[in-house]
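The values are calculated or read from the model by the stated rules, or taken from the named source; none is laboratory data. None of these values were measured; they are calculated from a predicted model. Cβ coordinates were reconstructed from backbone atoms using ideal geometry, including for glycine residues, and neighbour counts include every protein chain displayed.
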Amino acid sequence: MSHRVGLDQASVVEAAVKLVDAEGIEQLTLGRLAERLGVRTPSLYNHVAGLPGLKHELMLYCLHDLLDRILHATVGKSRAEAIFALANAYRAYAREAPGRYALTLQAPDPGDQEVQAIAQEIVDVLRAVLAPYRLSEEEAIHAIRGLRSIVHGFISLEVAGGFGMPVDLDASLGNMMTMNRPGKQGEDCLHRSPNAAAIAPTMLTGAWAGEDRL
């Protein structure tokens, strides 16, 4: 294989993006990428610092991609509408770009300041979506973890073909987010018990938890 004219870092990363979306992140190796690009593996070292450098650039690409999507989805929206938009943006990203989505699930390397910075921007968007619920710092972390877990669980089941019943999946996701939105537990308790205000936490939790308290 000869040197490919016009090859640069951007084109290498773009090729890596296509590779992980088509074949999965476990298939990302310099050898496989070089094969797709039609070059010898050593040629890639002119553009990325080996596999670790490639993964760094790829992670930056994916996180920026996700950030752009969730910002676009949630701008101008608040409370439940923003949460639904956020969930749908994550779901759409997972369906359109499964490899990139999988990469964004990984906690960033504490020593990688560039990746940490963009990951923090994503967390800041999630915090902004939850801001109207006036959560404490710890409650916000619980809520963000809960939201990510719920949406990822739904996505995983959908991708695996786990939803076989003839009921609209968009409606199912919307119903799930309604049941688990921040403050839902408190609202349920307040409707059912005049003394529930003292025990109604404002954090992302299931409607069943509110029922268990009564």
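Observations on the model:
- Among the residues of the stretch 149-179, those identified as surrounded by 15 or more Cβ atoms within 10 Å (Cβ to Cβ) and under 15 Å from the mean Cα position of the chain (by Cα) are ILE150, VAL151, HIS152, PHE154, ILE155.
- Residue in the stretch 103-112 that is in a helix (DSSP H, G or I) and in the same structural domain as PRO132 (by TED's automatic domain parsing) present: yes
- Residue check for ALA82: of a type in the set (A, V, I, L, M), in contact with a helix residue (DSSP H, G or I) (Cβ under 9 Å, 6 or more places away or on another chain) and in contact (Cβ under 8 Å) with a residue 24 or more places away in the chain: yes
- Applying the set (1) more than 20 Å from PRO132 (Cβ to Cβ); (2) within 10 Å of the chain's Cα centre (by Cα) to ALA97 leaves exactly one unmet item: (2).
- ILE83 passes every criterion in (1) of a type in the set (Val, Ile, Thr); (2) assigned by TED's automatic domain parsing to the domain that holds GLU26; (3) in contact with a Lys or Arg (Cβ under 7 Å, 6 or more places away or on another chain) apart from (2).
- Qualifying residue in the stretch 12-24 (condition: outside the structural domain of ARG100 (by TED's automatic domain parsing), in contact (Cβ under 8 Å) with a residue 24 or more places away in the chain, in a helix (DSSP H, G or I) and in contact with an Asp or Glu (Cβ under 7 Å, 6 or more places away or on another chain)): yes
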